[in-house]
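**Student:** The structure follows.
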Amino acid sequence: MNKFRTFDPCTLLAPLPVVMVTCKGVKAEDKPNIITIGWAGTVNSQPPMVSVSVRKERFSHHLMMESGEFVVNLVDRPLCDACDYCGVKSGKDVDKFAEQKLTAMPALGMDYAPAIAEAPAYLSCKVRQVIELGSHDMFIGEVVGVQVRDDLFDEDGSLHMESARLVAYNHGVYQNTQDVIGFFGYSVARPDVFERRMKTYHK
Ligand SMILES: Cc1cc2nc3c(=O)[nH]c(=O)nc-3n(C[C@H](O)[C@H](O)[C@H](O)COP(=O)(O)O)c2cc1C
């Protein structure tokens, strides 16, 4: 039997997909901003919906409320330093795109929020609901556009997210997600199928 220690009730869900959420106010002169988010999730498939939970005091909160938009940018290893920086500095004080030498590019389906050109993939989201939960407001966004960097596709057009060097957030630390252990349903796959499929994944 494993020995356990008791924790006070808390959000010890791990690992989490840490993401860089981009947003912008509606005025032409407003600068785009980036906020790092650990409290993000997939919440529906049809229509595709994701959630991000943001504290009211974040500079990004009012930008997302005002524009009704946000873009979820996935974070790979090369973006990890910038991701951390965007989680400790506020857009109230600094231009995070400029400070981290990141490029704001138009995002599919968005009127205001840009995407980060250096990110491996992004999801453009229109805010459908904001639920006040206590410490955080949960923005539920319908995904209206998705783009994935071209080099993550094979010649046959299949997407290899496992080769994107995505970063996970695991109880206060950032970790690589490099190793492929198996694929959906691998525990019941025939050994020859398992072997053949595993060869197709990039290291
Ligand atoms: C790894 C990490 C995860 C974070 N997750 C969240 C989150 O889910 N929600 C939130 O409101 N703030 C989160 N933060 C804090 C904000 O990113 C941080 O306060 C940021 O400076 C806010 O930027 P802004 O004021 O420009 O909006 C996180 C920070 C880090 C480093």
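**Student:** Quick test of your reading of the structure: Pro17 fulfils all but one of (1) within 11 Å of the ligand (Cβ to nearest atom); (2) surrounded by 20 or more Cβ atoms within 10 Å (Cβ to Cβ). Name the failing condition by number.
**Tutor:** Checking Pro17 against (1) within 11 Å of the ligand (Cβ to nearest atom); (2) surrounded by 20 or more Cβ atoms within 10 Å (Cβ to Cβ), the one that fails is (2).
**Student:** Step by step: first the residues of the range 89-103, then only those that are among the aliphatic types (A, V, I, L, M) and either over 15 Å from Val21 (Cβ atoms) or touching a Phe, Trp or Tyr at 6+ places or on another chain (Cβ under 6 Å) (or both), then the one that is surrounded by the most Cβ atoms within 10 Å (Cβ to Cβ). Which residue is that?
**Tutor:** Val94
**Student:** Could you pull out the residue among Gly91, Gly87 that is within 18 Å of Gly25 (Cβ to Cβ) and touching a residue at least 40 places away in the same chain (Cβ under 8 Å)?
**Tutor:** On inspection, the qualifying residue turns out to be Gly91.
**Student:** Quick one: which residue in Val94, Val167, Val180, Val148 is touching a Cys at 6+ places or on another chain (Cβ under 9 Å) and not acidic (Asp, Glu)?
**Tutor:** Val167
**Student:** From the set of residues in the range 162-199 that are among the aliphatic types (A, V, I, L, M) and in contact (Cβ under 8 Å) with a residue 12 or more places away in the chain, which is farthest from the ligand (Cβ to nearest atom)?
**Tutor:** Met198
**Student:** Still on this structure, I have one more. Answer yes or no: is there a residue in the range 68-80 that is within 14 Å of the ligand (Cβ to nearest atom), of a type in the set (Asp, Glu) and either out of contact with any Phe, Trp or Tyr (no Cβ under 7 Å at 6 or more places or on another chain) or closer than 20 Å to Val167 by Cα (or both).
**Tutor:** Scanning the range 68-80 turns up no residue that is within 14 Å of the ligand (Cβ to nearest atom), of a type in the set (Asp, Glu) and either out of contact with any Phe, Trp or Tyr (no Cβ under 7 Å at 6 or more places or on another chain) or closer than 20 Å to Val167 by Cα (or both).
**Student:** Among the listed residues Asp111, Asp137, which satisfies the condition of being more than 16 Å from the chain's Cα centre (by Cα), touching a residue at least 24 places away in the same chain (Cβ under 8 Å) and under 27 Å from Ala14 (Cβ atoms)?
**Tutor:** After applying the criteria, what remains is Asp137.
**Student:** Here's another thing I want to ask about it. Applying the selection to the range 43-99, what residues are among the charged types (D, E, K, R) and either within 16 Å of Met138 (Cα to Cα) or in a strand (DSSP E or B) (or both)?
**Tutor:** Residues satisfying the conditions are Arg55, Lys56, Glu57, Arg58, Glu66, Glu69, Asp76.
**Student:** Something else now. I'm trying to understand the selection: among the residues of the range 36-62, which are within 18 Å of Ile131 (Cβ to Cβ) and hydrophobic (A, V, I, L, M, F, W, C)?
**Tutor:** Selection gives Ile37, Trp39, Ala40, Val43, Met49, Val50, Val52, Val54.
**Student:** Based on what the data block shows, is Glu142 surrounded by fewer than 18 Cβ atoms within 10 Å (Cβ to Cβ) and within 16 Å of the ligand (Cβ to nearest atom)?
**Tutor:** No.
**Student:** Hey, another quick one. Within the range 161-185, count every residue that is out of contact with any strand residue (DSSP E or B) (no Cβ under 7 Å at 6 or more places or on another chain), modelled with pLDDT of 95 or more and part of a loop (DSSP other than H, G, I, E, B).
**Tutor:** 8
**Student:** I've got another one for you. Does Gly109 satisfy the criteria of being part of a loop (DSSP other than H, G, I, E, B) and exposed (fewer than 15 other Cβ atoms within 10 Å of the Cβ)?
**Tutor:** So Gly109 does not fit the description; no.
The values are calculated or read from the model by the stated rules, or taken from the named source; none is laboratory data. Because the structure is predicted, anything quoted here is derived from the model rather than measured. Please note: Cβ atoms are built from the backbone with ideal geometry, for glycine as well, and neighbour counts cover all protein chains shown.
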